[in-house]
Amino acid sequence: MSEPQARSPRRGMCAAVLCLEAIVVGLSTLVMLSLTDVSATTAVLTGVGMAVLCLLVAGALRSEIGYAAGWLVQLGAIGLGFVVPMMFFLGAVFGLLWGTAYFLGRKIERERAAAYAALDAGR
């Protein structure tokens, strides 16, 4: 018996983190517009651009390149703290959530594969 086609827990958890992060970085646009000296064009391109990037990377999690891009998104979210200081904290929180989702998801996938292998060996 081979492993049934199951949804990837790593992909699901990481995509959820990126979707929530898209909301937060998108809302940072409003903060940039009202509390910083950044031009409106720069604020919109940065905030909305990061939000769209989060959603695109969430969709790209079918391959390992998507996960590498997800790590880069986390660095970008932390880097947004140079414009909106609160993003240092929020970017770090999302970085921790991303890391937890990534590593815990990998662990679940390994344990699931081992359980199916043991089941196949027992038959």
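Quick look at the values:
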{"read-out": "Residue 10 being crowded, with 18+ Cβ neighbours inside 10 Å and either hydrophobic (A, V, I, L, M, F, W, C) or touching a residue at least 12 places away in the same chain (Cβ under 8 Å) (or both)", "value": "yes"}
{"read-out": "Residues of region 48-67 classified as touching a helix residue (DSSP H, G or I) at 6+ places or on another chain (Cβ under 6 Å), touching a residue at least 40 places away in the same chain (Cβ under 8 Å) and assigned to a loop (DSSP other than H, G, I, E, B), total", "value": "1"}
{"read-out": "Cβ pairs under 9 Å, 6+ apart, first in region 74-89 and touching a residue at least 12 places away in the same chain (Cβ under 8 Å) and surrounded by 15 or more Cβ atoms within 10 Å (Cβ to Cβ), second assigned to a helix (DSSP H, G or I) and of a type in the set (Asp, Glu)", "value": "74/21; 77/21"}
{"read-out": "Condition broken by residue 70, with the remaining ones in (1) under 26 Å from residue 51 (Cβ atoms); (2) at pLDDT below 95; (3) in a helix (DSSP H, G or I) satisfied", "value": "(2)"}
{"read-out": "Test set (1) among the polar types (S, T, N, Q); (2) under 12 Å from the mean Cα position of the chain (by Cα); (3) at pLDDT below 95 - residue 8 fails condition number", "value": "(2)"}
{"read-out": "Breaking point among (1) in a helix (DSSP H, G or I); (2) out of contact with any Ser or Thr (no Cβ under 9 Å at 6 or more places or on another chain), for residue 37", "value": "(1)"}
{"read-out": "Unique residue being under 20 Å from the mean Cα position of the chain (by Cα) and under 30 Å from residue 6 (Cβ atoms) when the list is 75, 45, 96", "value": "96"}
{"read-out": "Residues that are within 10 Å of the chain's Cα centre (by Cα) and either of a type in the set (S, T, N, Q) or closer than 18 Å to residue 93 by Cα (or both), drawn from region 58-67", "value": "58, 67"}
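The values are calculated or read from the model by the stated rules, or taken from the named source; none is laboratory data. These numbers come from a predicted model, not from an experiment. No Cβ is skipped: glycine too gets one built from the backbone with ideal geometry, and neighbour counts run over all protein chains shown.
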